[in-house]
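These notes are about the structure you will find just below.
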Amino acid sequence: MSVDALPTILLVDDEEHSLAAMRLALEDDFDCLTATNAEDATQLMEEHFVQVIFCDQRMPGKSGVEFLTEARDRWPDTVRIIITGYTETNDIIAAINDAGIYQFLTKPWHPDHLLMSAKNAADLFRLTREHDQLALEMRFLSRNMESKVEEQRKALREGLGFEKVLRAPNSPMNSVVAQARQFASFDVSVMIIGEPGTQKSALARAMHYSSLRSDRAFFEVNCSGVDDDLLEIELFGAKRGAVPGRPTQKMGVLRKADKGTVFLRGVTDLSQHMQRAIARFATEGVFRPVGGGELENSDVRLLASAPDDIAHQVAEGRFRSDLFYALSKTTVATPPLRARKDDLAILAQNFLFDAAAEHGKPVHGLSDDAVRFLERYDWPGNLRELENEMVRILIFSQDSILGPELISRHILQASPSDSGRDSGTDQVLMSEGTLKERVEQIEMRILRETLTRLKWNKSRAATELGLSRVGLRAKIERYGIVEPGKVGQRHTEEE
């Protein structure tokens, strides 16, 4: 293949119009091959040097996962990407575990999104080949160069852009990502606003790697709970002898990130002193190292995150208005997890598989009943709370498919209100209604949680709740509590 030849990409889809649309989006930058089934695709792989495969999941005959699994065995270096309009958990699990895919794209895809994914995949293929060649030809040369190539390769594998922000086809995050993608290409500061644990860091990283500064450094600095002296040294650096116990000079993040990006997390926790110092850098591009006499310059793009009420803090004088406007040339608002119910299955499965890989305890996923209980809960801790819950479920799991009996009791007892927010016990206690009505709401939740946790063993549930089996059955029928998977059927008694 000549140096100037375009990378070869294979598009596999049983729908001709989908193939035509993908080819139209990619043909200017790639040599596109097309196939409508797995057999024709395999033949093309044997005849051409293919770097990237885009494959639809739902096809007659072999599915996309089956074809990509075979391609992984025969052509392991080829980067594999699967496209589907469906989000079944089994497909996601199989795609990740069996086919070893690089990326999972959902329909409908945007042409720019498709093109960026293809370019990232081609870069990964190229860097992988270059790394293998360097490992052979430069074995005895500086470890620095080899390490740099490895870091680039690792960064591409982990996902440089918005593909890492997992979401469903109809997710409210789609509009957020589209907005952030638009801002990424403009070299301006961006304030990412939202509750804790709503993927603000992931968005900031994706914006950097989709910007003109993507080949330069990205630093993330947590401004919460850090002493002013330490934070000032971390950001601005310190001259030799300025810090007791440190005889050498320390370079700060703003100097290290020159021509790159710095993401400031939790800027509303900054002291007034640090707000003034950062405001000066944000507006003038200059800073003074600790113990230094002269100002220094650095060309850094600033991204920042803040809670929803930052505008109120500015109005009340608790956060400097000059810093707010310097950091928020544009703003992006991330929705809480309670507003992303369609994303919850994908996010929960992803956290579960990450935890399973980290702790060496393989599982096949969550049952549909477990997902339904998770979707009912409000998740005040957002993604961090969901991640913790998946680790807890994994620890207690005994089967490959994890059921609702493993879920924390307060989640099993949750019941969504009309607004979609959780009506917790405190809200029930303070709500309107008669004493009987409010007690019945709590009683119903306790019954449902106990039955679910005990896998609908009514004998054990009755014993734990201090009821007779007849009394338990009467309460189940009174509240209309139905065992998952047996809607419309009479419950069988378990001994």
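General remarks:
- Scoring Leu141 on the criteria (1) buried (at least 18 other Cβ atoms within 10 Å of the Cβ); (2) over 21 Å from the mean Cα position of the chain (by Cα); (3) modelled with pLDDT under 60 leaves a single failure, condition (1).
- Subset of the range 215-225 (residues that are surrounded by fewer than 18 Cβ atoms within 10 Å (Cβ to Cβ) and part of a loop (DSSP other than H, G, I, E, B)): Asp215, Arg216, Ala217, Ser224, Gly225
- Matching option when the condition is open to solvent by 60 Å² or more (accessible area, probe 1.4 Å) and of a type in the set (A, V, I, L, M, F, W, C), among Leu231, Leu203, Leu212: Leu212
- Scanning the range 366-382 for residues that are more than 27 Å from Arg448 (Cβ to Cβ), in a helix (DSSP H, G or I) and open to solvent by 40 Å² or more (accessible area, probe 1.4 Å) turns up nothing.
- The set of residues in the range 234-252 that are assigned to a loop (DSSP other than H, G, I, E, B) and open to solvent by 30 Å² or more (accessible area, probe 1.4 Å) comprises Lys239, Arg240, Gly241, Ala242, Pro244, Gly245, Pro247, Thr248, Gln249, Met251.
- Taken over the range 8-21, the residue count meeting the criterion of being more than 29 Å from the chain's Cα centre (by Cα) and either open to solvent by less than 50 Å² (accessible area, probe 1.4 Å) or at positive phi (or both) is 1.
- Annotation: Arg280 fulfils all but one of (1) closer than 19 Å to Lys200 by Cβ; (2) out of contact with any helix residue (DSSP H, G or I) (no Cβ under 7 Å at 6 or more places or on another chain); the unmet one is (1).
- Restricting the range 305-360 to residues that are assigned to a helix (DSSP H, G or I) and of a type in the set (Ser, Thr, Tyr), the residue that is surrounded by the most Cβ atoms within 10 Å (Cβ to Cβ): Tyr325
- Taking the numbered list (1) in contact with a helix residue (DSSP H, G or I) (Cβ under 8 Å, 6 or more places away or on another chain); (2) surrounded by fewer than 17 Cβ atoms within 10 Å (Cβ to Cβ) in turn, Phe287 passes all entries but (2).
- Test: residue in the range 113-134 that is at pLDDT below 85 and within 21 Å of the chain's Cα centre (by Cα): no
- Residue in the range 262-277 that is touching a Cys at 6+ places or on another chain (Cβ under 8 Å) and open to solvent by 50 Å² or more (accessible area, probe 1.4 Å) present: yes
- Of the criteria (1) modelled with pLDDT under 95; (2) touching a Ser or Thr at 6+ places or on another chain (Cβ under 7 Å); (3) not aliphatic (A, V, I, L, M), which one Thr248 fails: (2)
- The numbered conditions (1) in a helix (DSSP H, G or I); (2) under 23 Å from Val188 (Cα atoms) are all true for His273 except (2).
- The numbered conditions (1) open to solvent by 10 Å² or more (accessible area, probe 1.4 Å); (2) closer than 24 Å to Arg338 by Cα are all true for Ser185 except (2).
- Some residue of the range 291-302 being at pLDDT 95 or above, out of contact with any Gly (no Cβ under 6 Å at 6 or more places or on another chain) and assigned to a strand (DSSP E or B): yes
- Total residues in the range 22-60, condition closer than 19 Å to Gln103 by Cα, open to solvent by 40 Å² or more (accessible area, probe 1.4 Å) and part of a helix (DSSP H, G or I): 1
- Only one of the numbered conditions (1) modelled with pLDDT of 95 or more; (2) part of a helix (DSSP H, G or I) is violated by Arg255, and that is (1).
The values are calculated or read from the model by the stated rules, or taken from the named source; none is laboratory data. Being a predicted model, the structure only gives us computed values, none of them experimental. No Cβ is skipped: glycine too gets one built from the backbone with ideal geometry, and neighbour counts run over all protein chains shown. Side chains included, ligands, DNA and RNA excluded: accessible areas come from the protein's heavy atoms. Shrake-Rupley method; radii C 1.70, N 1.55, O 1.52, S 1.80 Å.
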